[in-house]
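Accompanying notes for the structure given below.
The values are calculated or read from the model by the stated rules, or taken from the named source; none is laboratory data. Since we're looking at a predicted model, the values are computed, not measured. Here the Cβ positions follow ideal geometry from the backbone for every residue, glycine too, while neighbour counts run over all protein chains shown.
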Amino acid sequence: MWETYQHFARQHFPELCQQRPVDSHKGTFGTVAIIGGNIGMSGAVIMAARAALKLGAGKVKIGFAQDSLPLPVLENQPEIMLYTADALLQHQDISAWSIGCGLDTDTRALHTMHLARERFQTDTHAQVVWDADALNLFSLHEDLQAAIQSQHIITPHPTEAARLLHTTTASIQADRKTAVAQLQQRFGCISVLKGHHSLVQVAAQNAYVNLSGNAGLATAGSGDILSGFMTSLLAQGMDADIAAPAAVWLHAAAAEVLALQKIGPIGMVATELIDAARFLRNQLSVAIEI
Ligand SMILES: NC(=O)C1=CN([C@@H]2O[C@H](COP(=O)(O)OP(=O)(O)OC[C@H]3O[C@@H](n4cnc5c(N)ncnc54)[C@H](O)[C@@H]3O)[C@@H](O)[C@H]2O)[C@@H](O)CC1
Ligand SMILES: Nc1ncnc2c1ncn2[C@@H]1O[C@H](COP(=O)(O)OP(=O)(O)O)[C@@H](O)[C@H]1O
C-alpha cells in the first residue's frame, strides 16, 4: 500500500528514505529552536515543536515571545525544552530555527524580530525557516529583511505573500508561478508559496510543484506543523534546497494518509498530521537497503 509513496520519495527525496545509523545518538539529529508564540498563540509554537520532535530531531527547544513562560512544562510532551524567545535567541547549539509561528506583530514581537535580525545578520550560516508573523513583520518593517540569508526559507500563504510583494491575494493566486519566482528574486532565499499545489522556488530556474495533499490541510495550525517538519529536516542535516520541497511533500502526503484512514479530509486537525508524517517517514525507510 505504501509502495507508491516509497517509489516517489526514493526518486525525488532519497534523503527522506534513509535509515538511522545504528551508532547514532541524539546529537546526530540536531537541535531545533522554534521562536514565536505570543500571548494567546502559545499553541502555534507547541505544534511546530512537536512536529519537529516527532519527525526525528534530536532535541527541540521553544522560545516564547512573552515576558515569562506561559507554562513550566508541556505535560503531553515533556521532552521539549521551554525558554523565552529572548533567552533562546542567545543559544549557540541550535542546528535549525523556525521563526514566526504565532509571533503576532505587536511591540513584543517586533522586539523579538530585532534580536533575530541582530543574530542572523552576523550568524550568516544559520539554517532558518521564516514563517507566519515573521513574514508579516518583514512586510511592515523592511529593515528587518537584512536578517534573511540566501540559504534561508520563507513559507508564506497567499495572503502573507501578497503582503510581502505589496499586492493582493487575488493577484498572487492568479499567477502563483510568477508570484513564487518574484518572492525568490525579491528576498534572495528559498521561497515556498503555500496553498493547493504549493510551489517551492529554490533558484531562478528551479521550481517544484507539489501535487500531494488534500483540503483537510485547510485547518488552523497546519502551516505551523509544516514549519516544524521543515526545520526538523534541516536540523537532521538535510540541505535547505531539499528540505523545503521534501517537507512540503511529506506534510501534504500525511494528509493523504489520514484521509486513507478516514480521519479526514473533513475535520482533520493539524496535530494529527504529526503522527501520520512520522508513520509515513518510517514506512519510507523500511525497505531501503543501505
Ligand atoms: N493555535 C495557535 O496558536 C494558532 C496560531 N496561528 C497563528 O496565527 C497568526 C495569524 O495567522 P493567519 O494565517 O491565521 O492569519 P492571516 O491574517 O495572516 O491570514 C489568514 C487569511 O489568509 C488567507 N489565506 C490563507 N491561505 C490562503 C489560500 N491558500 N488561498 C487564499 N487565501 C488564503 C485567508 O483569507 C485567511 O483568512 C500566525 O502567527 C499563525 O502562526 C495559526 O497558525 C492558527 C493556530
Ligand atoms: N486546499 C488545500 N490543498 C492543499 N493544501 C492546503 C490546502 N489548504 C491549505 N493547505 C496547506 O495547509 C497549510 C496551511 O498553512 P497556513 O495557511 O500557514 O496555516 P496556519 O497559519 O493555520 O498554520 C499549508 O501548507 C498549505 O499549503
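Values as computed for the structure displayed
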quantity: Only listed residue being surrounded by fewer than 22 Cβ atoms within 10 Å (Cβ to Cβ), farther than 20 Å from residue 228 by Cβ and without any contact (Cβ under 8 Å) to a residue 40 or more places away in the chain, chosen from 7, 12; calculated: 7
quantity: Among residues of the stretch 255-266, those that are of a type in the set (Gly, Ala, Ser) and either closer than 17 Å to residue 49 by Cα or within 16 Å of ligand 1 (Cβ to nearest atom) (or both), counted; calculated: 1
quantity: Check on residue 27, surrounded by fewer than 21 Cβ atoms within 10 Å (Cβ to Cβ), under 19 Å from residue 271 (Cα atoms) and more than 12 Å from ligand 1 (Cβ to nearest atom); calculated: no
quantity: Hits in the stretch 203-257 - residues which are over 11 Å from the mean Cα position of the chain (by Cα) and of a type in the set (S, T, N, Q); calculated: 205, 206, 210, 212, 214, 219, 236
quantity: Verdict on residue 169 being within 11 Å of ligand 1 (Cβ to nearest atom), out of contact with any Gly (no Cβ under 9 Å at 6 or more places or on another chain) and either of a type in the set (Ser, Thr, Tyr) or modelled with pLDDT under 95 (or both); calculated: yes
quantity: Checking residue 279 against (1) under 19 Å from residue 19 (Cβ atoms); (2) buried (at least 23 other Cβ atoms within 10 Å of the Cβ), the condition it does not meet; calculated: (2)
quantity: Residue check, residue 41 under 30 Å from residue 283 (Cβ atoms), surrounded by 18 or more Cβ atoms within 10 Å (Cβ to Cβ), within 13 Å of ligand 1 (Cβ to nearest atom) and aliphatic (A, V, I, L, M); calculated: no
quantity: Residue count, the stretch 16-38 (criterion: closer than 10 Å to residue 284 by Cα and outside any loop (DSSP other than H, G, I, E, B)); calculated: 2
quantity: Residue check for residue 177: modelled with pLDDT of 95 or more and surrounded by fewer than 18 Cβ atoms within 10 Å (Cβ to Cβ); calculated: yes
quantity: Residue in the stretch 47-56 that is out of contact with any strand residue (DSSP E or B) (no Cβ under 6 Å at 6 or more places or on another chain), touching a residue at least 40 places away in the same chain (Cβ under 8 Å), basic (Lys, Arg) and surrounded by 16 or more Cβ atoms within 10 Å (Cβ to Cβ) present; calculated: yes
quantity: Which listed residue, of 204, 240, 235, is crowded, with 24+ Cβ neighbours inside 10 Å and either modelled with pLDDT of 95 or more or away from ligand 2 (no atom under 16 Å from the Cβ) (or both); calculated: 235
quantity: Hits in the stretch 124-142 (condition: within 16 Å of ligand 2 (Cβ to nearest atom) and either outside any loop (DSSP other than H, G, I, E, B) or touching a Pro at 6+ places or on another chain (Cβ under 7 Å) (or both)); calculated: 129, 130, 132, 133, 134, 135, 136, 137, 138, 139
quantity: Answer residue from the stretch 201-233, given it is in contact with a His (Cβ under 7 Å, 6 or more places away or on another chain) and assigned to a helix (DSSP H, G or I) and is nearest to ligand 1 (Cβ to nearest atom) among those; calculated: 223
quantity: Out of 145, 151, 121, sole residue that is part of a helix (DSSP H, G or I), touching a residue at least 40 places away in the same chain (Cβ under 8 Å) and of a type outside the set (Asp, Glu); calculated: 145
